[in-house]
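The values are calculated or read from the model by the stated rules, or taken from the named source; none is laboratory data. Quick caveat, the model's predicted, so the values are computed rather than measured. Glycine also receives a Cβ, built like all others from the backbone with ideal geometry; neighbour counts cover every protein chain displayed. The protein model used for the area step is the full one, side chains on, heavy atoms only, and it has no ligands, DNA or RNA in it. Shrake-Rupley method; radii C 1.70, N 1.55, O 1.52, S 1.80 Å.
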Amino acid sequence: MMSKLIKPLIFLLCLVPLILLFRSFYLDELGANPFEVLTRSSGEWTLRFLLLTLAMTPLRQLTGSAWPLRLRRMFGLFVFFHVCVHLLTYLWLDHFFDWDEIVTDIIKRPYITFGMLAFTLLLPLALTSTKKMMKRLGKRWKSLHKLVYVIAILGVLHFILLVKADLREPIIYAFILLVLLLVRFKPALLHKIRYATQ
Amino acid sequence: MLIKKPQDISSSEITEQAIYLDRRKFMTSSIGLTAAATLLSPHTSVAGYGGKTLKFTEDKIFDRKEELTSFDKISNYNNYYEFGTDKYSPAKNAQALTTDPWSVQIGGEVEKPGTLHLEDILKQNPLEERIYRLRCVERWSMVIPWIGFPLANLIKQAKPTSKAKYVQFETLERPSEMMGQKRNVLPWPYIEGLRMDEAMNPLTIIAVGLYGEVLPKQNGAPLRLVVPWKYGFKSIKSIVKITFAEKEPVSSWTKVAPNEYGFYSNVNPEVDHPRWSQRKERRIGDFLKRKTLSFNGYAEQVASLYTGMDLKKYF
């Protein structure tokens, strides 16, 4: 009974940041430039959910619990949900669907190039996230979904390249990603952490 | 002072009715109502923002019936890295700054170097209102009713020598009160500069107030530069030092990213920032973006300063 409730509860919890954001937007509480805040926040939540998704496999190895893997797909789809909001704010509020300008942006500005590339790579992952697709793709599913690491690196690079001078925030994301990549590709490290904490 | 009203910008071009009506939809709170009240009487300097009231002559030249950005927005959305790198922190963090007593050191290639006290500066320079557009390099803009005086007045009093080709400005460096200076985000103190003819141009002012009252601390109190045809970061805040020099000064932002922030930094829709196009901007409070104007709409007054210069090279 309890375990059946956990997943829907976490689902609702994951919706909270964006609900609060749009509530503040509606109440005109986002300051002088609310559109900038929408883009910025949706982008930050994309990265947060992305790192959370990547943390699930190591968390399973660390705790032995099955829960992290049961939640992984949901978190992954929240990444996709947030990035769609983020992309929409860029296409609409920044460029008002001026496709000439958007294409120029993608070609000329590396941070946009990386962001768009990350979104494009995320598309097939979202589309193949169903159980049916998992079965149909079999072994290939796993190799396809390894793209998530490339996407995460592109996402963090996108953030690093867009800030003007203060790199503190993007560096925090980069550091967490680095740790997650290390424990993913050097599982020995994880064993050490596990023994150290026992 | 002769400043002609540019003929090429009609007020309908600046605030299209559609844009204007559209933004109403987004203004639902009481903040919106305050802005609307200000709009109805753009000339009355609404007292009561909390600052000391200033005596000044009203701007009759620059008002083009553009909607003023509300005091609330002007004083709560600031790029002032000395008080934090986001635009919301300065309004809170800048309150720690002591702005009285304040003095400005004048030096370099001048006949009359020395230290000027703020009270004396205010006594010697009659204040006037200047309603200017402010265009940030980040693609947003405001319309601000500054109170100040032409920088040229101050320069004439200092009597620059023939060697003075440039003016360098320096912001206060006081990490104990300017928390942002505890981190090396930018080389401190903040430095900016102008060519002598730019500094002497009648549009260039030293502002000491806005909306009829002394400057809020987050807006660069007690005195700051305002150069309306250049990107906002050129308009250096809380000035403590003005030096006249033969060589072109290197500004803080140029030191950090020379390919992104040049010495001139004139508002120019034709020259992209490496990371974004400068063709459009969002006026704070608007939903739709508007076209960015060459020299921020002040081409008639200042374009001649750059005759024969390749503005793509000298960006």
Picking from A:Ile153, A:Ile176, the residue that is among the aliphatic types (A, V, I, L, M) and either within 14 Å of chain B (Cβ to nearest Cβ) or more than 29 Å from B:Gln181 (Cα to Cα) (or both) would be A:Ile153
Got at least one residue in the stretch B:211-219 being crowded, with 22+ Cβ neighbours inside 10 Å and within 21 Å of B:Lys159 (Cα to Cα)?
no
Condition test on B:Gly193, is it of a type in the set (Gly, Ala, Ser), closer than 19 Å to B:Tyr80 by Cβ and open to solvent by less than 50 Å² (accessible area, probe 1.4 Å)?
yes
Output for the stretch B:83-108, where each listed residue is polar (S, T, N, Q) and in a loop (DSSP other than H, G, I, E, B)
B:Thr85, B:Ser89, B:Thr98, B:Thr99
Out of (1) over 18 Å from the mean Cα position of the chain (by Cα); (2) not in a loop (DSSP other than H, G, I, E, B), the one B:Asp286 does not meet is (2)
Using the structure shown, decide if A:Thr113 is of a type outside the set (D, E, K, R) and out of contact with any helix residue (DSSP H, G or I) (no Cβ under 9 Å at 6 or more places or on another chain).
no
Among the residues of the stretch A:92-109, is any more than 14 Å from every other protein chain (Cβ to nearest Cβ) and either over 30 Å from B:Lys291 (Cα atoms) or assigned to a helix (DSSP H, G or I) (or both)?
no
B:Glu177 acidic (Asp, Glu), in contact (Cβ under 8 Å) with a residue 60 or more places away in the chain, closer than 30 Å to B:Arg283 by Cα and away from chain A (no Cβ under 14 Å):
no
Against the condition touching a Pro at 6+ places or on another chain (Cβ under 9 Å) and open to solvent by less than 40 Å² (accessible area, probe 1.4 Å), how does A:Met74 come out, does it pass?
no
Checked against (1) farther than 15 Å from A:Thr46 by Cα; (2) within 12 Å of the chain's Cα centre (by Cα), A:Glu101 satisfies every condition except (2)
From the residues in the stretch B:264-283 that are part of a loop (DSSP other than H, G, I, E, B), of a type outside the set (Asp, Glu) and open to solvent by 20 Å² or more (accessible area, probe 1.4 Å), which one is farthest from the other protein chains (Cβ to nearest Cβ)?
B:Asn268
Kindly list the number of the only condition in (1) surrounded by fewer than 17 Cβ atoms within 10 Å (Cβ to Cβ); (2) within 12 Å of chain B (Cβ to nearest Cβ); (3) not basic (Lys, Arg) that fails for A:Trp67.
(2)
Conditions (1) more than 30 Å from B:Ser277 (Cα to Cα); (2) out of contact with any Ser or Thr (no Cβ under 7 Å at 6 or more places or on another chain); (3) modelled with pLDDT under 95; number of the one not met by A:Leu137
(2)
When both residues are 6+ apart or on different chains and their Cβ atoms are under 9 Å apart, which pairs have a first residue that lies in the stretch A:172-183 and is β-branched (Val, Ile, Thr), and a second that is in a helix (DSSP H, G or I) and exposed (fewer than 13 other Cβ atoms within 10 Å of the Cβ)?
none
Which one of these does B:Val256 not meet: (1) more than 18 Å from B:Ser235 (Cα to Cα); (2) within 9 Å of chain A (Cβ to nearest Cβ); (3) surrounded by fewer than 18 Cβ atoms within 10 Å (Cβ to Cβ)?
(1)
With the requirement that a residue be touching a helix residue (DSSP H, G or I) at 6+ places or on another chain (Cβ under 8 Å), open to solvent by 60 Å² or more (accessible area, probe 1.4 Å) and either at pLDDT 95 or above or within 14 Å of another protein chain (Cβ to nearest Cβ) (or both), what does the stretch B:52-91 give you?
B:Asp72, B:Asn76
Across the stretch B:117-141, what is the number of residues that are surrounded by fewer than 21 Cβ atoms within 10 Å (Cβ to Cβ), in contact (Cβ under 8 Å) with a residue 24 or more places away in the chain and within 22 Å of B:Thr99 (Cβ to Cβ)?
8
Given the criteria open to solvent by less than 20 Å² (accessible area, probe 1.4 Å) and in a loop (DSSP other than H, G, I, E, B), does B:Gly308 qualify?
no
So which residues in the stretch A:119-149 are open to solvent by 70 Å² or more (accessible area, probe 1.4 Å) and of a type outside the set (S, T, N, Q), if there are any at all?
A:Leu127, A:Lys131, A:Lys132, A:Met134, A:Lys135, A:Arg136, A:Lys139, A:Arg140, A:Lys142, A:Lys146
Subset of the stretch B:238-253, residues open to solvent by less than 40 Å² (accessible area, probe 1.4 Å) and not in a strand (DSSP E or B), comes to B:Ser238, B:Pro249, B:Ser251, B:Ser252, B:Trp253
